[in-house]
Amino acid sequence: MYPMPVDKWKPWNRRLYKLSLPLALVIWLLPMIAVLLTSLRSTEELMEGNYWGWPRDLSLWANYHEALTASPMLHYFWNSVLITVPSVIGSIALAAMAGFALSTYKFKGNTFLFATFVACNFVPVQILMIPVRNMSLDFGVFNTVQGLVLFHVAFQTGFCTLFLRNFIKQLPFELIEAARIEGAGEWTIFTRVILPLIRPALAALGILVFTFVWNDYFWALCLTQGDSAAPITVGVAGLKGQWTTAWNLVSAGSILAALPSVLMFFLMQKHFVAGLTFGATKG
């Protein structure tokens with residue numbers, strides 16, 4: 001039997017669909033809306049308990065200005081850029097080469113190596129906190145941007161390799177054989193044949209890794225101390241006062257910290273969807 005066409009849906013099914021979609025969207029956006037409204041409130045409103053009502057003064061953009069000037073937020077932002085961009089490039093570059101090797105070459109231990117990449121993605125990062133911290137101290141990269149880049153590349157490469165290996169595996173192997181017959185070397189095949197074909201997957205993976213690294217707070221807290229190498233996630237946490245928390249400033253800082261990843265997703269949305277659906281129609 002073939003699935004029922006959309007135009008033959010029963011009226012109650014159509015109504016249920018139209019009601020459930022906005023409801024799911026509101027539930028998903030509710031925390032973000034609450035944070036956005038809180039970032040526009042004054043301290044007096046929060047002290048009065050006005051948490052969910054509409055802000056009385058929508059001109060309170062001073063919270064964003066204070067969040068940028070009351071702490072070295074721009075310094076944290078620049079640290080996040082220095083950490084995230086090399087981490088994304090390094091992890092995807094290593095994963096693309098590893099995925100090409102695992103999906104193309106037949107060698108002893110291929111399956112075991114691929115299984116290792118898969119298994120490592122299920123290891124809870126919390127149990128690695130102390131060994132990784134000690135390792136960063138032994139290597140002299142504790143509280144450095146380079147240390148955070150190194151460990152982000154190490155942790156993200158496993159997931160990226162699993163992701164790209166499956167995409168490359170779906171490509172017709174005849175393309176690689178034809179390139180070899182024409183005299184192309186392995187590096188030429190990788191750069192001129194494989195990479196252009198998996199460009200949607202690379203874009204989707206780049207957005208995911210960018211979001212993971214940019215929003216990371218756990219490793220930033222474990223591997224940094226002070227402000228010299230701290231990213232913006234640690235900077236937002238630093239907006240809390242010693243005795244009380246200025247939630248309007250913390251909310252404003254959170255909105256500023258989330259903007260880059262949100263903007264990147266909307267700018268790359270077409271490539272993200274294309275990458276996730278790449279090869280979905282193949283049998």
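Accessible surface comparison of 160, 120, probe 1.4 Å, protein chains only, largest first: the order is 120, 160. For the pair the range 95-160 / the range 180-259, the C-alpha centres are spaced 16 Å from each other. Net length available on complete extension from residue 28 to residue 227 is 68.3 nm, with 0.36 nm assigned per residue and the Cα-Cα distance removed. Taking the inverse of the mean 1/r over every pair of distinct Cα atoms in the chain gives a Kirkwood hydrodynamic radius of 22.3 Å. Remark: the residue 170-residue 270 segment gains 33.9 nm on full extension, using 0.36 nm per residue and subtracting the alpha carbon distance.
Solvent-accessible area of residue 92, all protein chains in place: 20 Å² (probe radius 1.4 Å, heavy atoms, ligands and nucleic acids excluded).
Among the protein heavy atoms, those of residue 65 account for about 120 Å² of accessible surface (1.4 Å probe, every chain in place). Helices meeting the span-like rule in the chain (full DSSP H runs, Cα extent of at least 24 Å along the helix axis, mean Kyte-Doolittle score of 0.5 or higher): 11-38, 73-104, 145-169, 247-267. Think of a 1.4 Å ball rolled over the protein heavy atoms: the chain then has 62 Å² of accessible area per residue. Please build a GNM for the chain, connecting alpha carbons under 10 Å apart, and tell me which residue among 192, 165, 133 fluctuates the most. So, out of 192, 165, 133, the one fluctuating most is 192. Across the range 64-160, the volume of the C-alpha convex hull divided among the residues equals 136 Å³ per residue.
Taking all protein chains together and a 1.4 Å probe, the residues 169, 270 rank 270, 169 from largest to smallest accessible area.
What's the FRET efficiency of residue 65 with residue 181 using the Cβ-Cβ distance as r and R₀ = 51 Å, to the nearest 0.05? For residue 65 and residue 181, the calculated efficiency is 0.20.
The values are calculated or read from the model by the stated rules, or taken from the named source; none is laboratory data. Worth saying up front: this structure is predicted, and the values here are computed from it rather than measured. In this analysis, Cβ positions are derived from the backbone assuming ideal geometry, glycine residues included, and neighbour counts consider all displayed protein chains. Side chains included, ligands, DNA and RNA excluded: accessible areas come from the protein's heavy atoms. Shrake-Rupley method; radii C 1.70, N 1.55, O 1.52, S 1.80 Å.
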